[in-house]
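Working notes, beginning with the structure itself.
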Protein chains: 4
Amino acid sequence: MTLPSGCPSTIDLNADVGESFGRWELGDDAALLPHLTSANVACGFHAGDPLTLRRTCDRAVAHGVVIGAQVGYRDLAGFGRRFIDVAPDELEADVLYQLSALSGIAAAAGGAVAYLKPHGALYHAVSSQEAQADAVIAAVVAFGGLPVLGLAGSPFLSRVAAAGLPTVGEGFADRAYLPDGGLVPRSEPGAVLVDSSAVAAQAVRLAQSGDVQSLCIHGDSPGAAASAAAVRAALSDAGIAVKAFVGPSS
Amino acid sequence: MTLPSGCPSTIDLNADVGESFGRWELGDDAALLPHLTSANVACGFHAGDPLTLRRTCDRAVAHGVVIGAQVGYRDLAGFGRRFIDVAPDELEADVLYQLSALSGIAAAAGGAVAYLKPHGALYHAVSSQEAQADAVIAAVVAFGGLPVLGLAGSPFLSRVAAAGLPTVGEGFADRAYLPDGGLVPRSEPGAVLVDSSAVAAQAVRLAQSGDVQSLCIHGDSPGAAASAAAVRAALSDAGIAVKAFVGPSS
Amino acid sequence: MTLPSGCPSTIDLNADVGESFGRWELGDDAALLPHLTSANVACGFHAGDPLTLRRTCDRAVAHGVVIGAQVGYRDLAGFGRRFIDVAPDELEADVLYQLSALSGIAAAAGGAVAYLKPHGALYHAVSSQEAQADAVIAAVVAFGGLPVLGLAGSPFLSRVAAAGLPTVGEGFADRAYLPDGGLVPRSEPGAVLVDSSAVAAQAVRLAQSGDVQSLCIHGDSPGAAASAAAVRAALSDAGIAVKAFVGPSS
Amino acid sequence: MTLPSGCPSTIDLNADVGESFGRWELGDDAALLPHLTSANVACGFHAGDPLTLRRTCDRAVAHGVVIGAQVGYRDLAGFGRRFIDVAPDELEADVLYQLSALSGIAAAAGGAVAYLKPHGALYHAVSSQEAQADAVIAAVVAFGGLPVLGLAGSPFLSRVAAAGLPTVGEGFADRAYLPDGGLVPRSEPGAVLVDSSAVAAQAVRLAQSGDVQSLCIHGDSPGAAASAAAVRAALSDAGIAVKAFVGPSS
């Protein structure tokens, strides 16, 4: 197969993992991880107890999957999905704390935290609340600098780039897009694509568009592993290699 | 003044700091820190929110005070003072998480975590519960190794030493001792020395005994800073230099 | 079928419900509840967010199932399964708080809290730690008095009875018993009966023994609802009616 | 002294109490409570552990002070001062849970919860976020109905009244007001009155205005008890009796 000229020949696949908490299990990380190239590991503030984080990092390293810090608001009851109006200096410290905690655990597993991705309500807030965006960025800078994964084309990634940090734009294979590049809100009908061939087709289209460097797979749905496998197969058929955007943790 | 031959000429002074949590302030760290050589900084599980940790590390670095990780049970409501029967693999992960979180924050402040000290009920549990002691030790080893500060002569420090980690034995200037070297329980009369000259005298005696490498000052009492100053003065009069047991964080 | 004379003709069936927390679901309460006569609803300290509690009480009332307060240690990360050495006055207040919170939610659902059952590590602690047993009992008394559900024949229930509160002794259809009436620890092989006919047979035997007033079904295993249905069928075949030990909440 | 005709001759004095949490003490409730007629007792979600709540209720009953439920967001780290975008059904359940918990504790102390007052960020949110206002109101209705204390003249109290619940409008003796009746934001200079004669004068003016039924004293400042005493003296000199807006808890 001949790729259209100018088309990217590789794409990253990321998903949220490590989101169990104590007795409560969420997602089938063991089945999902082998399909990923980048694992967004929860850091304990909205999900993920320390033992879960450790086992998840062990598993990611065993599969050669790159580890990223999935940071969020301090809100276990809300799973980080509720906006919290945290003061910038507190948010910066909260993010630095989470990043550092996961970093030490990843290191003990023989890996390293290679990027940061905001989770849930924080993912959305950083595009509309400049003070919160800058707090997250300041935490990454205080940590020593890391690539930041976020919505491709978002104002947040522009601020990240302006701060001199590498950016990684992601797209969603299973979410409907608005004409302006935003996502159709989950509250609207048709927001989530359920037909697996439609998901696979959108994955290929996004990868070929050159607009995104990573595709996000939702990790906490029952069929997450099967969905990831289907996306990989479709990308492979289209001649697009699945490859982490950074080298494997080491 | 001539020191008795064989007597140590230096001693470390440590205290708990960084134990505020959000709106709730505890201890006067700004006043206490300049008197210390080693600061046991809370790590967020029993006390210490991330912004408090960051400010505390900034302050410790500014004063050239060595930073240690004050790790404890996950129990804000109990301030880490209640024994919790945590499974060893969970405790190991909990301690590694706390150590890592503080480590990143200390690094952002231009310092480093230079030792670990168990807090509250964990401090006591590690001398009687071998599985918990080994879990704490395993966390330090997984982190890459650090000196461990604990009760001088305790079974815990023996296990730490057997694991190949440096040990630092501490004594309490303001607590009454039992003949066997243990502490008089707080529930008994006379357990805490209140007379400042008695405290100073015990500090000098402990330092001269050669049995302890560090003296612990209680940081959360109203007169903590004054007490620390009095101990320093008495040690100075006795010709004993106050000096960290490890070099300053850098 | 003729019942042996003196045998009880009714038995209660209880199980833990309402143990989800925010994003994390646990147990299939909707399927399990219709099979129960008594629902041990979590109260928020070790499991159960307020909205889960409310929905669970609504459901229990809809099915005519009696509501009990499943109280535990303040330990979401440990699901209440780790012993915590809580001081008696704190434990009494913690239990009274949980009991009161669920009581108001049950009332809003048109029901009422009709009994208390300690959960997890607290369930076991109250039989060996008299101070904790008395703290739980004091909380029930402070609340105005309620029947207490616990291990049949346990020292805890003796203390409850001595305090003038009604006791309800329970047995486990799916757990192996020791000759002394205690449970085989979960860590030993054969501790949990998996064969459904063995479980049903033990349920009938326990009900006929007259030693227990209630049978506990484990609610958080995948086959909980099916297991409850099988136990009900076996009891029915043996001529034993399944009936709450107290009248329905109202 | 002759009161201007039409002027109210009584006013309520309320303050936040019960805001300690475990090891962390906040406010001097023992000194402040005797000066109050209404005590806004924290309910555990943003402040107040169960034992603190119990002791606070005991004290309020001993002094004949009316108990109100100070409900807030689930945010200990933020002391309830950060807006959280909680879904209405979750917020309703959270408020009902808090109200119920305090209610049972107040009853055990021989008192009762006689009103509700939103705390911190929730206090402000209910005037601008109708869904959150309605969720709080729904919780009060589900509880069986109670008077609601809030900012005098606020849109929130209008919604409360429209729902058929009694309203109690409060004013602040120590805060500067905007021409429109709103408060000068704390971030602006002069927002908080510090001169005690100015505070006392404003207390008298607000009480005489007839616009407020209760005056709020800030309970967590060091001079709270002295300030409350000064306000009471000034009101007494002006011939205004200090009296709870509802009868004492019983």
Percent antiparallel among DSSP beta bridges with both residues in chain A, to the nearest 5?
10
On average, how many beta carbons from a partner chain sit within 10 Å of the beta carbon of a residue in C:103-113?
4
Roughly how many debye, to the nearest 20, is the charge dipole of region A:48-153 about its Cα centre, given +1 on each Lys and Arg Cβ, -1 on each Asp and Glu Cβ, and no other charges?
540
Going residue by residue through region A:98-111, the Karplus relation 6.51 cos²θ - 1.76 cosθ + 1.60 with θ = phi - 60° gives ³J(HN,Hα) values, rounded to whole Hz and with x marking Gly or Pro, of 5, 4, 5, 4, 5, 4, x, 6, 5, 5, 5, 8, x, x
Quote the FRET efficiency, to the nearest 0.05, computed for A:VAL184 versus B:THR10 with a Förster distance R0 of 45 Å and r equal to the Cβ-Cβ distance.
0.10
Considering only DSSP beta bridges where both residues belong to region C:147-232, give the percentage that are antiparallel (nearest 5).
20
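Assign one of three labels to chain C, namely rounded, prolate or oblate, based on the Cα gyration tensor with a ≥ b ≥ c the square roots of its eigenvalues; rounded applies when a/c is under 1.5, prolate when it is not and a/b is larger than b/c, and oblate otherwise.
Judged from the Cα gyration tensor, chain C comes out rounded (a/c under 1.5).
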Over what distance in Å are the Cα centres of region C:174-203 and region D:74-119 separated?
42
Using a 1.4 Å probe, how large is the accessible area of C:ASP180, given in Å² and rounded to the nearest 10?
130
Assume the label is 7 Å from Cα along Cα to beta carbon: what separations in nm does C:ASP237 have to the matching positions in the other copies?
5.1, 8.7, 8.7
To the nearest 0.05, the calculated FRET efficiency linking B:SER221 and D:ALA161 through their beta-carbon distance, R0 being 45 Å, is 0.35
Identify all lysines with a Cα-Cα distance to A:LYS117 below 25 Å; exclude those on the same chain that are fewer than 8 residues away in sequence.
A:LYS243
Nearest 500 deg cm²/dmol is fine: what mean residue ellipticity at 222 nm does chain D get from its DSSP H runs of n ≥ 4 alone, each adding -39,500 (n - 2.57), divided by its residue count?
-12000 deg cm²/dmol
Since chains A and D are linked by a rotation, which residue in A has the beta carbon closest to its axis, and how far is it in Å?
A:ILE84, 3
How much accessible area does A:SER103 have with a 1.4 Å probe, in Å² rounded to the nearest 10?
30
Under the convention of a label 7 Å out along Cα→Cβ, give the distances in nm from D:SER209 to the same position in every other copy, shortest first.
5.5, 6.5, 7.1
How big is the gap, in Å, between the Cα center of region A:10-37 and the Cα center of region D:11-26?
44
Quick one: Karplus J couplings for region A:185-197, per residue in order, coefficients 6.51, -1.76, 1.60, θ = phi - 60°, nearest Hz, x for Gly and Pro?
x, 4, 6, 9, x, x, 5, 10, 6, 10, 6, 5, 6
I need the calculated FRET efficiency for the pair C:SER197 and C:ASP58, taking r as the beta carbon distance and R₀ as 41 Å, to the nearest 0.05.
0.70
Cα-projected label distance for A:ASP211 with D:ALA229, points at 7 Å along beta-carbon direction, nm
6.9
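Counting DSSP beta bridges in the protein assembly as shown, what percent are antiparallel, to the nearest 5? Mind dumping the intermediate values first?
Working: 14 of 126 bridges.
So the antiparallel bridges in the protein assembly as shown amount to around 10 percent.
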Report, to two decimal places, the Cα Rg of the protein assembly as shown normalised by 2.2 N^0.38 Å (N = number of residues).
1.00
List, shortest first and in nm to one decimal, how far the label point of C:SER128 (7 Å from Cα along Cα→Cβ) is from its counterparts in the other copies.
1.3, 5.3, 5.4
Just to check I understand the Karplus step: with θ = phi - 60° and J = 6.51 cos²θ - 1.76 cosθ + 1.60, what whole-Hz values come out for region B:159-176, glycine and proline as x?
5, 4, 5, 5, 7, x, 9, x, 10, 10, x, 10, x, 10, 5, 10, 10, 6
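Below 8 Å between Cα atoms, with a sequence gap of 6+, how large is the relative contact order for chain B in percent?
Relative contact order of chain B: 25 percent.
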Kirkwood Rh and Cα-based Rg: tell me the resulting Rg over Rh for region D:40-105, rounded to two decimals.
1.00
Expressed in square angstrom to the nearest 10, the accessible area of A:ASP28 with a 1.4 Å probe stands at 90
In terms of solvent-accessible area of protein heavy atoms at a 1.4 angstrom probe, what is the ranking of A:ASP134, A:ASP16, highest value first?
A:ASP134, A:ASP16
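The values are calculated or read from the model by the stated rules, or taken from the named source; none is laboratory data. Everything quoted here is computed from the prediction, not taken from an experiment. Virtual Cβ from ideal backbone geometry, glycine too; neighbours counted across all protein chains shown. Calculation scope for accessible area: heavy atoms of the full protein, side chains included, ligands and nucleic acids excluded. Shrake-Rupley method; radii C 1.70, N 1.55, O 1.52, S 1.80 Å.
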